1. Quick one: in segment 160-215, which of the residues that are β-branched (Val, Ile, Thr) and part of a loop (DSSP other than H, G, I, E, B) is surrounded by the most Cβ atoms within 10 Å (Cβ to Cβ)?
2. Might you check whether a residue that is of a type in the set (Gly, Ala, Ser), more than 20 Å from the chain's Cα centre (by Cα) and outside any helix (DSSP H, G or I) occurs anywhere in segment 144-153?
3. Scan segment 275-303 residue by residue and report those that are surrounded by fewer than 17 Cβ atoms within 10 Å (Cβ to Cβ), more than 16 Å from Ala49 (Cβ to Cβ) and of a type in the set (A, V, I, L, M, F, W, C).
4. So which residues in segment 305-315 are crowded, with 20+ Cβ neighbours inside 10 Å and either under 23 Å from Trp340 (Cα atoms) or not β-branched (Val, Ile, Thr) (or both)?
5. Specify which of the listed residues (Gly331, Gly337) is under 30 Å from Gln89 (Cα atoms) and crowded, with 20+ Cβ neighbours inside 10 Å.
6. Where residues in segment 350-360 are touching a residue at least 24 places away in the same chain (Cβ under 8 Å) and outside any loop (DSSP other than H, G, I, E, B), which of them is nearest to Ala259 (Cα to Cα)?
7. Looking at Ala281, Ala271, can you tell me which residue is over 30 Å from Ala100 (Cα atoms), assigned to a helix (DSSP H, G or I) and at pLDDT below 95?
8. Can you confirm whether Gly347 is in a loop (DSSP other than H, G, I, E, B) and surrounded by fewer than 16 Cβ atoms within 10 Å (Cβ to Cβ)?
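The values are calculated or read from the model by the stated rules, or taken from the named source; none is laboratory data. Only a predicted model underlies this, so the values are computations on that prediction, with no experimental measurement involved. Using ideal geometry, Cβ is built from the backbone for each residue, glycine included, and neighbour counts are taken over all protein chains shown.
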Amino acid sequence: MSRLYSERELAKIARPFEWHALEALRAGDLTRLRALLIDMKNGPAGLDALSGHTLARKAAKLRRDFGEAFALDALARIGAELMRTWTQQFQQGDERGAIADLIAVFREQHGARLDALREDDDSVTLDMPLCGSGGKLDKAGLPQKHPDWYGGWSDGVSSFCQICKACQRALNAALGAEIWTTEKGANGACRATFAKRATRGERLFSEEERAGLVRTRVDQAIERLDAGDSDIGELVESQRKDWKPWHDFGIVLLEYFYAIALEQGGADYLAEVLEQTYAPAFNAGFPRYAAMSDDELVREIARTWNYHCADFTIIEEEDRFVFRLDPCGSGGRLFRGAVWRDMFHYGDRLAPKMASPHRINFNRRDAPTCCTHCAAANRAQLESASSPGDPLFFVIDGHAQTAPGAPCRCYVYKKDARREDIDPALFEQIGLVPRKETRA
């Protein structure tokens, strides 16, 4: 099988859209720049969709298996941990910073629509004509179409929005006041209100900030360019990691769900949770990836890792591309304790490692719990590895990252790769036996 790229070409593929956008800006190629800005705006769309469905289904899984009272109690525990750094910030009197960072979580949800903030002596109000998480799922009608997974709660609040409500209740309980409340509207709309306590009577944000805090940098760049202003370099630089507030909030939330699953049923139950809540959303992308050429596929996975807040390089082998992730944007950064707002460290509450080997943790000892979703993804792909029509587009070497400072590896197999030549260790890591089948 012939090589497709030189090392220089692979390095260019690994570069994020923002690098190419800055290149186009320097060259004065505004047509290309505009197209790249749209790509940047939509960069996290697939990951955002995967996260939204997976999180909603995890909340619903707890309710289905253990009852609503248990699920609400588990969400309360999760909410308390998620809100820990915000609780500290409010207690220290930094209402401005705490509110701004909560708004950043909603702002960075793909497809969200946020109005300019309103502020008076007593509160800051955020109106969202479309909330980009639970609101999008509600607008799509999923709580009605699939109530077992997205709706069906006794208070009428949908599965994803139960998570948000739990965070609000946890923060308010810790602070002893109704600081953060929400009121859901129709068609995915929501209003969030943040009450002032330490700063009552003051203005936390200027008029310019009230308009700017609800808009992503890439949206601001597009608006400026449309107005004939191409001085947008500072808005483009490092844009791929602008998504970090929502991205990291989500990966920490996933980790806490995994911790609850381990408490309730150990590794076997966590495997079941991932099979029912993560795998269906992950598998939904198979037809799209299977239809891609090798060139399209390696570029798409590079885009995904860039918006997954990872740092990586790519090398090409005869039958596959190897992404060296240093670190991976989810499990790797959690393993290193390097997430936004210093939100997570293994060993804290709801942050266990898995002591014993299991197919869901790549058969490792003292394994980072978050990495189990990659083991689930590997099983989804490698169970049908002998079928050339099924894509092997995101296969993780679960034994690469053995320490926090170690890089991880992701393999993207070419369409004509001989499936019977795949390293048997990749199957063994997840409790599968490779099928040695050859083509006619």
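1. Within segment 160-215, the match that is surrounded by the most Cβ atoms within 10 Å (Cβ to Cβ) is Ile179.
2. yes
3. Ala290, Ala291, Met292, listed by residue number.
4. The answer is Trp305, Asn306, Tyr307, His308, Cys309, Ala310, Phe312.
5. Answer to the check: Gly331.
6. My answer is Met354.
7. The match here is Ala281.
8. Values: in a loop (DSSP other than H, G, I, E, B): yes; surrounded by fewer than 16 Cβ atoms within 10 Å (Cβ to Cβ): yes.
It is true that Gly347 is in a loop (DSSP other than H, G, I, E, B) and surrounded by fewer than 16 Cβ atoms within 10 Å (Cβ to Cβ).
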